[in-house]
1. What size of dipole, in debye to the nearest 20, comes out for the chain about its Cα centre when the only charges are +1 on Lys and Arg C-beta atoms and -1 on Asp and Glu C-beta atoms?
2. Roughly what would the spin-label model give for Arg226 and Arg91, points 7 Å off Cα along C-beta, in nm?
3. Which lysines, on any chain, are close to Lys43 with Cα under 25 Å apart, when same-chain ones fewer than 8 places away are left out?
4. Residue by residue through segment 98-107, what is 3J(HN,Hα) from phi via Karplus (6.51 cos²θ - 1.76 cosθ + 1.60, θ = phi - 60°)? Round to whole Hz and write x for glycine and proline.
5. Accessible area, 1.4 Å probe, largest first: how do Lys174, Lys324 sort?
6. Which value, in Å² and to the nearest 10, is the accessible area of Glu295 when all protein chains are kept and the probe is 1.4 Å?
7. Round to the nearest 0.05 the FRET efficiency obtained for Leu49 and Tyr3 when R0 = 22 Å and r is the Cβ-Cβ distance.
8. What's the extension gain from Trp330 to Gln300 if we count 0.36 nm per residue and subtract their Cα-Cα distance?
Amino acid sequence: MEYRQLGGSGLKVPALSLGTGTFGGSTEFFKAWGTTDVAEATKLVDICLEADITMFDSADSYSDGKAEEILGQAIKGRRHRLLISTKGTFRTGPSPNDVGSSRHYLIRAVEASLRRLGTDYIDLYQLHAFDPLTPIEEVLSTLDNMVQAGKIRYVGCSNFTGWQLMKSLAISEKYGLCRYVAHQAHYSLVGRDYEWELMPLALDQKVGTVVWSPLGWERLTGQVRRGKPLPETTRLRSKLAVDLGPPIPDDYLYRVVDALDGIAQETGKTVPQIAINWLLQRPTVASVLVGVRNEEQLRQNLGAIGWELTPKQIATLDAASATKLAYPYWHQRGFADRNPPPV
(Lines give C-alpha, C1' and ligand atoms only; values in the text may rest on other atoms or scores of the structure.)
Protein backbone atom coordinates (compact mmCIF):
# COMPACT_ATOMS: atom_id res chain seq x y z
CA MET A 1 0.00 0.00 0.00
CA GLU A 2 1.28 3.44 -0.92
CA TYR A 3 1.36 5.97 1.92
CA ARG A 4 1.05 9.69 1.31
CA GLN A 5 1.72 12.79 3.38
CA LEU A 6 -1.51 14.34 4.66
CA GLY A 7 -1.23 17.92 3.49
CA GLY A 8 1.46 19.90 5.27
CA SER A 9 1.39 17.66 8.34
CA GLY A 10 3.80 14.93 9.37
CA LEU A 11 1.09 12.27 9.22
CA LYS A 12 1.17 9.65 6.49
CA VAL A 13 -2.07 8.01 5.39
CA PRO A 14 -2.81 5.09 3.06
CA ALA A 15 -3.85 5.88 -0.51
CA LEU A 16 -7.08 3.97 0.16
CA SER A 17 -9.10 4.24 3.37
CA LEU A 18 -12.30 2.51 4.44
CA GLY A 19 -15.41 4.61 4.92
CA THR A 20 -17.93 3.34 7.46
CA GLY A 21 -21.10 5.01 6.25
CA THR A 22 -22.32 1.49 5.42
CA PHE A 23 -21.97 0.38 9.06
CA GLY A 24 -25.19 0.07 11.04
CA GLY A 25 -28.00 1.07 8.73
CA SER A 26 -30.06 1.81 11.83
CA THR A 27 -32.04 4.62 10.19
CA GLU A 28 -34.04 4.64 6.96
CA PHE A 29 -31.64 7.24 5.59
CA PHE A 30 -28.57 5.05 6.08
CA LYS A 31 -30.12 1.73 5.11
CA ALA A 32 -29.62 2.88 1.52
CA TRP A 33 -25.87 2.87 2.21
CA GLY A 34 -25.64 -0.50 3.94
CA THR A 35 -26.40 -2.50 7.07
CA THR A 36 -22.98 -3.89 7.99
CA ASP A 37 -23.00 -5.41 11.49
CA VAL A 38 -20.09 -6.02 13.88
CA ALA A 39 -19.22 -9.45 12.48
CA GLU A 40 -19.06 -8.21 8.88
CA ALA A 41 -17.25 -5.02 9.92
CA THR A 42 -14.62 -7.10 11.73
CA LYS A 43 -14.02 -9.10 8.53
CA LEU A 44 -13.64 -5.89 6.54
CA VAL A 45 -11.16 -4.51 9.06
CA ASP A 46 -9.22 -7.80 8.86
CA ILE A 47 -8.98 -7.55 5.06
CA CYS A 48 -7.99 -3.88 5.23
CA LEU A 49 -5.18 -4.47 7.70
CA GLU A 50 -3.91 -7.43 5.64
CA ALA A 51 -3.73 -5.04 2.66
CA ASP A 52 -2.13 -2.30 4.84
CA ILE A 53 -5.22 -0.09 4.62
CA THR A 54 -4.95 1.44 8.06
CA MET A 55 -7.28 4.46 8.08
CA PHE A 56 -10.99 4.11 8.88
CA ASP A 57 -13.35 7.05 8.48
CA SER A 58 -16.64 7.56 10.30
CA ALA A 59 -18.92 10.30 11.65
CA ASP A 60 -21.13 10.80 14.68
CA SER A 61 -24.13 11.25 12.39
CA TYR A 62 -23.73 7.92 10.58
CA SER A 63 -26.70 5.82 11.74
CA ASP A 64 -27.03 8.05 14.82
CA GLY A 65 -23.59 7.03 16.09
CA LYS A 66 -24.06 3.32 15.43
CA ALA A 67 -21.33 3.32 12.77
CA GLU A 68 -18.78 4.58 15.29
CA GLU A 69 -19.91 1.96 17.80
CA ILE A 70 -19.53 -0.86 15.27
CA LEU A 71 -16.12 0.40 14.17
CA GLY A 72 -15.01 0.60 17.80
CA GLN A 73 -15.97 -3.02 18.39
CA ALA A 74 -14.41 -4.18 15.10
CA ILE A 75 -11.00 -2.73 15.98
CA LYS A 76 -10.80 -3.94 19.59
CA GLY A 77 -7.33 -5.11 20.49
CA ARG A 78 -5.64 -3.48 17.50
CA ARG A 79 -6.19 0.25 17.96
CA HIS A 80 -2.42 0.80 17.82
CA ARG A 81 -2.28 -0.56 14.27
CA LEU A 82 -4.62 1.94 12.65
CA LEU A 83 -5.78 5.52 12.22
CA ILE A 84 -9.28 6.66 13.09
CA SER A 85 -10.85 9.56 11.26
CA THR A 86 -14.28 10.80 12.29
CA LYS A 87 -16.45 13.87 11.93
CA GLY A 88 -18.89 16.08 13.80
CA THR A 89 -21.10 19.15 13.18
CA PHE A 90 -24.31 17.60 11.81
CA ARG A 91 -27.36 17.47 14.09
CA THR A 92 -27.31 14.63 16.63
CA GLY A 93 -30.25 15.62 18.88
CA PRO A 94 -33.32 17.85 19.26
CA SER A 95 -31.70 20.67 21.23
CA PRO A 96 -30.72 23.93 19.47
CA ASN A 97 -27.18 23.16 20.69
CA ASP A 98 -27.08 19.60 19.27
CA VAL A 99 -25.64 20.82 15.98
CA GLY A 100 -22.84 22.99 14.67
CA SER A 101 -19.28 23.77 15.69
CA SER A 102 -19.72 25.76 18.88
CA ARG A 103 -17.43 25.08 21.84
CA HIS A 104 -20.46 23.70 23.68
CA TYR A 105 -21.22 21.20 20.93
CA LEU A 106 -17.74 20.19 19.78
CA ILE A 107 -16.49 19.22 23.23
CA ARG A 108 -19.53 17.00 23.81
CA ALA A 109 -19.33 15.59 20.28
CA VAL A 110 -15.68 14.59 20.59
CA GLU A 111 -16.22 13.02 24.02
CA ALA A 112 -19.19 11.04 22.66
CA SER A 113 -17.23 9.84 19.64
CA LEU A 114 -14.37 8.72 21.88
CA ARG A 115 -16.80 6.67 23.98
CA ARG A 116 -18.46 5.05 20.97
CA LEU A 117 -15.12 4.27 19.33
CA GLY A 118 -13.66 2.86 22.53
CA THR A 119 -10.49 4.94 22.30
CA ASP A 120 -8.90 7.83 24.13
CA TYR A 121 -7.79 9.75 21.03
CA ILE A 122 -8.87 10.43 17.44
CA ASP A 123 -6.15 10.65 14.80
CA LEU A 124 -8.04 12.99 12.46
CA TYR A 125 -11.13 14.92 13.56
CA GLN A 126 -12.99 16.79 10.84
CA LEU A 127 -15.85 19.27 10.84
CA HIS A 128 -18.54 17.69 8.68
CA ALA A 129 -19.72 21.08 7.41
CA PHE A 130 -19.08 24.80 7.89
CA ASP A 131 -21.05 26.41 10.72
CA PRO A 132 -21.81 30.02 9.69
CA LEU A 133 -23.23 30.95 13.11
CA THR A 134 -20.18 30.19 15.25
CA PRO A 135 -17.12 32.49 15.09
CA ILE A 136 -14.24 30.71 13.41
CA GLU A 137 -11.98 31.77 16.30
CA GLU A 138 -14.22 29.86 18.71
CA VAL A 139 -14.18 26.76 16.49
CA LEU A 140 -10.43 26.67 16.02
CA SER A 141 -9.54 27.50 19.62
CA THR A 142 -11.79 24.66 20.78
CA LEU A 143 -10.15 22.21 18.38
CA ASP A 144 -6.72 23.49 19.39
CA ASN A 145 -7.49 22.90 23.07
CA MET A 146 -8.51 19.31 22.33
CA VAL A 147 -5.30 18.77 20.36
CA GLN A 148 -3.32 20.10 23.32
CA ALA A 149 -5.27 17.74 25.61
CA GLY A 150 -4.32 14.77 23.42
CA LYS A 151 -7.88 13.89 22.47
CA ILE A 152 -7.31 14.80 18.82
CA ARG A 153 -4.05 14.46 16.88
CA TYR A 154 -4.91 16.35 13.66
CA VAL A 155 -7.86 18.43 12.49
CA GLY A 156 -9.57 18.75 9.14
CA CYS A 157 -12.80 19.89 7.57
CA SER A 158 -15.29 18.63 5.02
CA ASN A 159 -17.54 20.21 2.41
CA PHE A 160 -16.16 23.74 2.89
CA THR A 161 -16.13 26.34 0.15
CA GLY A 162 -12.84 27.92 -0.83
CA TRP A 163 -13.40 31.12 1.13
CA GLN A 164 -14.51 29.24 4.25
CA LEU A 165 -11.39 27.08 4.23
CA MET A 166 -9.03 29.94 3.40
CA LYS A 167 -10.48 32.20 6.11
CA SER A 168 -10.10 29.39 8.64
CA LEU A 169 -6.47 28.85 7.64
CA ALA A 170 -5.79 32.59 7.92
CA ILE A 171 -7.24 32.71 11.44
CA SER A 172 -5.16 29.68 12.45
CA GLU A 173 -2.05 31.50 11.27
CA LYS A 174 -3.04 34.77 12.94
CA TYR A 175 -3.55 33.25 16.38
CA GLY A 176 -1.13 30.32 16.23
CA LEU A 177 -3.89 27.72 16.38
CA CYS A 178 -3.91 24.24 14.86
CA ARG A 179 -4.73 24.36 11.16
CA TYR A 180 -6.76 22.12 8.91
CA VAL A 181 -4.41 19.62 7.28
CA ALA A 182 -7.16 17.75 5.45
CA HIS A 183 -10.31 18.55 3.51
CA GLN A 184 -12.71 15.66 2.98
CA ALA A 185 -14.28 16.54 -0.35
CA HIS A 186 -16.68 15.19 -2.95
CA TYR A 187 -14.65 14.37 -6.07
CA SER A 188 -15.00 11.90 -8.93
CA LEU A 189 -14.86 11.60 -12.69
CA VAL A 190 -18.47 12.79 -12.80
CA GLY A 191 -18.04 15.39 -10.05
CA ARG A 192 -15.03 17.60 -10.83
CA ASP A 193 -16.22 20.87 -9.26
CA TYR A 194 -13.53 20.38 -6.60
CA GLU A 195 -10.90 21.28 -9.20
CA TRP A 196 -12.18 24.81 -9.80
CA GLU A 197 -11.24 26.46 -6.51
CA LEU A 198 -10.55 23.93 -3.78
CA MET A 199 -7.75 22.10 -5.57
CA PRO A 200 -5.69 25.27 -6.28
CA LEU A 201 -6.24 26.32 -2.66
CA ALA A 202 -5.13 22.91 -1.39
CA LEU A 203 -2.00 23.04 -3.52
CA ASP A 204 -1.13 26.53 -2.31
CA GLN A 205 -1.91 25.90 1.37
CA LYS A 206 -0.80 22.25 1.59
CA VAL A 207 -4.16 20.79 2.54
CA GLY A 208 -4.51 17.09 1.76
CA THR A 209 -7.70 15.89 0.11
CA VAL A 210 -9.56 12.88 1.46
CA VAL A 211 -12.02 11.97 -1.29
CA TRP A 212 -15.57 10.85 -0.54
CA SER A 213 -17.94 9.29 -3.11
CA PRO A 214 -15.17 8.45 -5.61
CA LEU A 215 -17.67 6.51 -7.75
CA GLY A 216 -20.11 9.37 -8.13
CA TRP A 217 -22.91 8.06 -5.88
CA GLU A 218 -22.59 4.57 -7.46
CA ARG A 219 -22.79 5.86 -11.02
CA LEU A 220 -19.30 4.48 -11.76
CA THR A 221 -19.70 0.99 -10.31
CA GLY A 222 -19.88 -0.54 -13.77
CA GLN A 223 -23.58 -1.33 -13.36
CA VAL A 224 -24.88 1.83 -15.06
CA ARG A 225 -24.90 1.57 -18.83
CA ARG A 226 -26.36 3.49 -21.74
CA GLY A 227 -29.82 2.22 -22.70
CA LYS A 228 -30.16 -0.08 -19.67
CA PRO A 229 -32.40 0.34 -16.61
CA LEU A 230 -30.81 1.02 -13.23
CA PRO A 231 -30.04 -2.13 -11.20
CA GLU A 232 -32.65 -2.87 -8.54
CA THR A 233 -30.03 -2.82 -5.76
CA THR A 234 -28.32 0.47 -6.60
CA ARG A 235 -28.37 3.39 -4.16
CA LEU A 236 -29.39 5.59 -7.10
CA ARG A 237 -32.95 4.34 -6.60
CA SER A 238 -32.99 5.42 -2.95
CA LYS A 239 -34.57 8.53 -1.45
CA LEU A 240 -31.05 9.50 -0.34
CA ALA A 241 -29.81 9.77 -3.91
CA VAL A 242 -32.98 11.37 -5.25
CA ASP A 243 -33.19 14.04 -2.54
CA LEU A 244 -29.52 14.77 -1.88
CA GLY A 245 -27.44 13.26 -4.66
CA PRO A 246 -25.82 15.62 -7.17
CA PRO A 247 -27.78 15.81 -10.46
CA ILE A 248 -25.74 14.48 -13.36
CA PRO A 249 -27.08 14.63 -16.96
CA ASP A 250 -27.43 11.20 -18.54
CA ASP A 251 -25.55 12.14 -21.72
CA TYR A 252 -22.58 13.33 -19.68
CA LEU A 253 -22.60 10.24 -17.47
CA TYR A 254 -22.75 7.85 -20.42
CA ARG A 255 -19.91 9.69 -22.16
CA VAL A 256 -17.71 9.11 -19.11
CA VAL A 257 -18.84 5.49 -18.73
CA ASP A 258 -18.10 4.83 -22.42
CA ALA A 259 -14.57 6.13 -21.93
CA LEU A 260 -14.13 3.98 -18.82
CA ASP A 261 -15.39 0.92 -20.70
CA GLY A 262 -12.85 1.51 -23.46
CA ILE A 263 -9.97 1.71 -20.97
CA ALA A 264 -11.31 -1.34 -19.13
CA GLN A 265 -10.92 -3.32 -22.33
CA GLU A 266 -7.35 -2.05 -22.72
CA THR A 267 -6.26 -2.72 -19.14
CA GLY A 268 -8.37 -5.65 -17.98
CA LYS A 269 -9.39 -3.55 -14.97
CA THR A 270 -12.95 -2.83 -13.85
CA VAL A 271 -14.76 0.49 -14.24
CA PRO A 272 -14.56 1.36 -10.49
CA GLN A 273 -10.89 0.39 -10.33
CA ILE A 274 -10.11 2.76 -13.19
CA ALA A 275 -12.21 5.57 -11.70
CA ILE A 276 -10.40 5.29 -8.36
CA ASN A 277 -6.98 5.01 -10.01
CA TRP A 278 -7.68 8.24 -11.92
CA LEU A 279 -8.37 9.99 -8.62
CA LEU A 280 -5.18 8.68 -7.06
CA GLN A 281 -3.19 10.44 -9.78
CA ARG A 282 -4.83 13.83 -9.22
CA PRO A 283 -2.99 16.64 -7.40
CA THR A 284 -3.67 17.08 -3.65
CA VAL A 285 -5.36 13.67 -3.23
CA ALA A 286 -3.96 12.02 -0.10
CA SER A 287 -6.48 9.21 0.32
CA VAL A 288 -9.62 7.91 -1.37
CA LEU A 289 -12.41 6.61 0.85
CA VAL A 290 -14.06 3.42 -0.33
CA GLY A 291 -17.41 2.52 1.17
CA VAL A 292 -18.37 -1.12 0.74
CA ARG A 293 -21.27 -3.33 1.75
CA ASN A 294 -19.36 -6.62 1.72
CA GLU A 295 -16.03 -8.39 1.37
CA GLU A 296 -16.39 -8.83 -2.40
CA GLN A 297 -16.72 -5.09 -3.01
CA LEU A 298 -13.72 -4.35 -0.78
CA ARG A 299 -11.48 -6.84 -2.55
CA GLN A 300 -12.51 -5.40 -5.91
CA ASN A 301 -11.60 -1.89 -4.78
CA LEU A 302 -8.17 -3.12 -3.71
CA GLY A 303 -7.52 -3.69 -7.42
CA ALA A 304 -7.44 0.09 -7.91
CA ILE A 305 -3.90 0.31 -6.51
CA GLY A 306 -0.54 -1.10 -7.55
CA TRP A 307 -0.72 0.16 -11.15
CA GLU A 308 -1.19 3.44 -13.01
CA LEU A 309 -3.18 4.67 -15.96
CA THR A 310 -1.06 5.86 -18.87
CA PRO A 311 -0.92 9.57 -19.73
CA LYS A 312 -2.99 8.83 -22.84
CA GLN A 313 -5.66 7.04 -20.81
CA ILE A 314 -5.77 9.88 -18.31
CA ALA A 315 -6.17 12.37 -21.16
CA THR A 316 -9.06 10.31 -22.53
CA LEU A 317 -10.84 10.35 -19.17
CA ASP A 318 -10.11 14.05 -18.66
CA ALA A 319 -11.66 14.88 -22.03
CA ALA A 320 -14.72 12.68 -21.51
CA SER A 321 -15.43 14.15 -18.06
CA ALA A 322 -14.68 17.79 -18.86
CA THR A 323 -17.48 20.29 -18.20
CA LYS A 324 -17.95 23.97 -18.85
CA LEU A 325 -16.56 26.00 -15.98
CA ALA A 326 -18.69 28.33 -13.88
CA TYR A 327 -17.89 32.04 -13.64
CA PRO A 328 -15.30 33.40 -12.93
CA TYR A 329 -13.28 30.28 -13.68
CA TRP A 330 -14.05 30.22 -17.40
CA HIS A 331 -13.04 33.86 -17.62
CA GLN A 332 -9.81 33.31 -15.71
CA ARG A 333 -8.90 30.28 -17.80
CA GLY A 334 -9.32 32.31 -20.96
CA PHE A 335 -6.99 34.97 -19.58
CA ALA A 336 -4.41 32.33 -18.61
CA ASP A 337 -4.57 30.81 -22.10
CA ARG A 338 -3.82 34.22 -23.65
CA ASN A 339 -1.00 34.88 -21.20
CA PRO A 340 0.94 31.66 -20.71
CA PRO A 341 3.52 31.71 -17.93
CA PRO A 342 7.14 32.24 -19.05
CA VAL A 343 9.16 29.10 -19.59
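The values are calculated or read from the model by the stated rules, or taken from the named source; none is laboratory data. These numbers were taken from a predicted model, which means no experiment stands behind them. Positions of Cβ are backbone-derived with ideal geometry, glycine not excepted, and every protein chain shown enters the neighbour counts. SASA here: full protein model, heavy atoms, side chains in, ligands and nucleic acids out. Shrake-Rupley method; radii C 1.70, N 1.55, O 1.52, S 1.80 Å.
1. Numbers: 38 positive and 38 negative charges, 25 e Å.
Value, rounded to 20: 120 debye.
2. So the label points at Arg226 and Arg91 sit 4.3 nm apart.
3. Lys12, Lys31, Lys66, Lys76, Lys87, Lys269
4. Karplus values, whole Hz, x for Gly and Pro: 8, 7, x, 10, 5, 4, 4, 6, 4, 4.
5. Working: Lys174 150, Lys324 175 Å².
Per-residue accessible area, sorted high to low, gives Lys324, Lys174.
6. 70
7. On the way: r = 14 Å, r/R0 = 0.64.
That gives a FRET efficiency of 0.95.
8. Values: separation 30, 0.36 × 30 = 10.80 nm, distance 3.75 nm.
Separation in residues times 0.36 nm, less the Cα-Cα distance, equals 7.1 nm.
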